[in-house]
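Enquirer: Let me begin by handing over the structure; questions about it come next.
The values are calculated or read from the model by the stated rules, or taken from the named source; none is laboratory data. Since the structure is predicted, the reported quantities are computational estimates derived from the model, not experimental observations. So basically every Cβ, Gly included, is an ideal-geometry build from the backbone, and we count neighbours across all protein chains shown.
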Amino acid sequence: MTATDIHRTIDAVWRIESPRLIAGLARIVRDVGMAEELAQDALVAALEQWPGSGVPRNPGAWLMTAAKHRAIDQLRRQALHRRKADELAREIEAQLELTVADPDAMLDDPIGDDLLSLVFTACHPVLSTEARVALTLRMLGGLTTPEIARAFLVPEPTVAQRIVRAKRTLSDAHVPFEVPRGEELSVRLASVLEVVYLIFNEGYAATAGDDWMRPSLCQEAMRLGRVLAGLAPAEPEVHGLVALMEIQASRTAARTGPNGEPILLGDQDRARWDQLLIRRGLAALQRAEALGGAQGSYALQAAIAACHARARTADETDWQRIAALYDTLAARLPSPVVALNRAVAHAMAFGPEVGLALVDALRDEPTLRRYHLLPGVRGDLLARLGRHGEARAEFERAATLTLNNRERRLLLQRAETSLQAAGGSQDQVLDSPT
């Protein structure tokens, strides 16, 4: 294996293992900022040692062991906290001795579920909503600052400052590393749901890089959603979120071609949609509605996804119902991105002229000025109206704004073929998360 191959392997391992690694370390040191630093130290050690020694049999356990050894050294250097440091160091050393014969045990979650504890810790009310989401995406999702900035549609320095301040605030406030119970669970649940869905979104439509999707993030978000549903079975929005994620995830196998290229919703082979996930999602949606949550934002989005899931072909899609659901969603959860998706739905239900008028009303929206899907959608509608020269310019602009290489190539291809009649491209936005 070449050094380049090993570095690619390390990057892949880090993407998969970093959330569990940080969560496990946070449980031990009780400080999410320190946990991330220790995890980063372990990553540096891997970058230094693996090119010479090779990738270990269990890379996740190797990283955890390296981080725990680093934790012992760091805690012992903190003279002002000598007693606590010695106790923690002895505890970690005991764990290392017990698990050396079983490296897989290094990453086992305790009963409290380290990852879920990490989410609730990062979503503590002591932080602003924006800081909670940014920190959890960084800690749990393993996302970079630029990726988080794209998810929020805000500048990178803003996100970087939020993360630094959030970790400092949690440390200064001595926030406990645990899953809350009772009334506190309900108070913090909405923020957690938002975080989980943003993680899912990043997996469903990656903001940057060479991959159109990052399925491992989708799987992790769905796992956390199911755990939350078990913790709060009477909360309709939890079930609404689970429904939304599972119905959307059912399309995973059909969303990319043999070489990883994106396949838009109208062009997908629906025989490849996962019927088990669809059934599970529809069942979760029924639970949300039975609990009185039909008007919840996640349940509404799940109902939109369900319209697609129930249509055997793209032509059978009930666009008028989808448009009505988006009307309700826009009133319930007003945002520029929801408004853009609503414009697409109205274009499909009532004609491209209607949709274009709604899109053009959003062109001066500050948060959408660098959002590639705005010109992408506008290009779609212009092509359907026969204004192919304008459509090509919009697709080219969209290609300059996206950070995802797969999506950029798709947009450039659409720019080149914009003189042809528009086909199944109309679902560009609706197959991306709302």
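Enquirer: For the stretch 347-362, state whether one or more residues are on the phi < 0 side of the Ramachandran plot, of a type in the set (Val, Ile, Thr), in contact (Cβ under 8 Å) with a residue 60 or more places away in the chain and buried (at least 19 other Cβ atoms within 10 Å of the Cβ). Break it down stepwise before answering.
Expert: Residues of the stretch 347-362 that are on the phi < 0 side of the Ramachandran plot, as a first pass: 347-350, 352-362.
From the residues that got through so far, the ones that are of a type in the set (Val, Ile, Thr) too are 354, 359.
If we keep only those that are in contact (Cβ under 8 Å) with a residue 60 or more places away in the chain too, we end up with none.
The answer is no, given that none of the residues of the stretch 347-362 is on the phi < 0 side of the Ramachandran plot, of a type in the set (Val, Ile, Thr), in contact (Cβ under 8 Å) with a residue 60 or more places away in the chain and buried (at least 19 other Cβ atoms within 10 Å of the Cβ).
Enquirer: Out of (1) in a loop (DSSP other than H, G, I, E, B); (2) free of Cβ contacts under 8 Å to residues at least 60 places away in the same chain, what's the single condition that is false for MET245?
Expert: Tallying (1) in a loop (DSSP other than H, G, I, E, B); (2) free of Cβ contacts under 8 Å to residues at least 60 places away in the same chain, MET245 fails exactly one: (1).
Enquirer: Would you point out which residue out of ALA234, ALA299 is assigned to a helix (DSSP H, G or I), of a type in the set (Gly, Ala, Ser) and on the phi < 0 side of the Ramachandran plot?
Expert: Criteria check complete, one pass: ALA299.
Enquirer: Within the set of pairs 6 or more residues apart or between chains, which connect a residue that is outside any helix (DSSP H, G or I) inside the stretch 1-25 to a residue that is modelled with pLDDT of 80 or more and among the hydrophobic types (A, V, I, L, M, F, W, C) with Cβ atoms less than 9 Å apart?
Expert: MET1/VAL55
Enquirer: A follow-up question, please. Among the residues of the stretch 28-76, which ones are under 14 Å from THR9 (Cβ atoms), touching a residue at least 40 places away in the same chain (Cβ under 8 Å) and part of a helix (DSSP H, G or I)?
Expert: Those that are under 14 Å from THR9 (Cβ atoms), touching a residue at least 40 places away in the same chain (Cβ under 8 Å) and part of a helix (DSSP H, G or I): LEU47, TRP50, PRO51, PRO59, GLY60, TRP62, LEU63.
Enquirer: Could we say that ASP427 is of a type in the set (Asp, Glu), closer than 30 Å to ASN259 by Cβ and modelled with pLDDT under 95 here?
Expert: Yes: the conditions hold for ASP427.
Enquirer: Another question about this same structure. Any idea which residue in the stretch 315-333 is surrounded by the fewest Cβ atoms within 10 Å (Cβ to Cβ), counting only those that are hydrophobic (A, V, I, L, M, F, W, C) and within 10 Å of GLN295 (Cβ to Cβ)?
Expert: As a first pass, look at the stretch 315-333 and keep what is hydrophobic (A, V, I, L, M, F, W, C): 319, 322-325, 329-331, 333.
Among the residues that remain, those that are also within 10 Å of GLN295 (Cβ to Cβ) are: 329, 331.
Values: LEU329: 25, ALA331: 11.
Out of the qualifying residues, it is ALA331.
Enquirer: Hey, does the stretch 355-365 have a residue that's of a type in the set (Gly, Ala, Ser), within 16 Å of TYR326 (Cβ to Cβ) and in a helix (DSSP H, G or I)?
Expert: Yes, that holds for at least one residue.
Enquirer: Of a type in the set (A, V, I, L, M, F, W, C), over 18 Å from ARG370 (Cβ atoms), surrounded by fewer than 19 Cβ atoms within 10 Å (Cβ to Cβ) and modelled with pLDDT under 95: does that describe LEU419?
Expert: So LEU419 passes the test.
Enquirer: Please work out which residue is farthest from the chain's Cα centre (by Cα), limiting yourself to the stretch 366-389 and to residues that are assigned to a helix (DSSP H, G or I) and loosely packed, with under 15 Cβ neighbours inside 10 Å.
Expert: GLY389
Enquirer: Residue by residue through the stretch 309-338, note down the ones that are closer than 21 Å to GLN268 by Cα and hydroxyl-bearing (Ser, Thr, Tyr).
Expert: THR313, THR317
Enquirer: For residues in the stretch 269-293 being touching a residue at least 24 places away in the same chain (Cβ under 8 Å) and not in a helix (DSSP H, G or I), which is nearest to GLY230 (Cα to Cα)?
Expert: Within the stretch 269-293, the match that is nearest to GLY230 (Cα to Cα) is LEU291.
Enquirer: Also: Consider the stretch 180-204. How many of its residues are of a type in the set (A, V, I, L, M) and surrounded by fewer than 19 Cβ atoms within 10 Å (Cβ to Cβ)?
Expert: Count: 3.
Enquirer: Something else about it: Among the residues of the stretch 22-29, is any under 26 Å from MET213 (Cβ atoms), under 30 Å from the mean Cα position of the chain (by Cα) and surrounded by fewer than 19 Cβ atoms within 10 Å (Cβ to Cβ)?
Expert: Among the residues of the stretch 22-29, not one is under 26 Å from MET213 (Cβ atoms), under 30 Å from the mean Cα position of the chain (by Cα) and surrounded by fewer than 19 Cβ atoms within 10 Å (Cβ to Cβ), which makes the answer no.
Enquirer: Return the only residue of PRO336, PRO262 being in the same structural domain as ARG414 (by TED's automatic domain parsing) and either more than 23 Å from ARG214 (Cβ to Cβ) or surrounded by 15 or more Cβ atoms within 10 Å (Cβ to Cβ) (or both).
Expert: Answer to the check: PRO336.
Enquirer: Just checking, which of LEU185, LEU217 is within 21 Å of ASP11 (Cα to Cα) and either part of a helix (DSSP H, G or I) or touching a residue at least 60 places away in the same chain (Cβ under 8 Å) (or both)? Spell out how you get there, then give the answer.
Expert: Values: LEU185 fails: within 21 Å of ASP11 (Cα to Cα).
Just a single option satisfies the conditions, and that option is LEU217.
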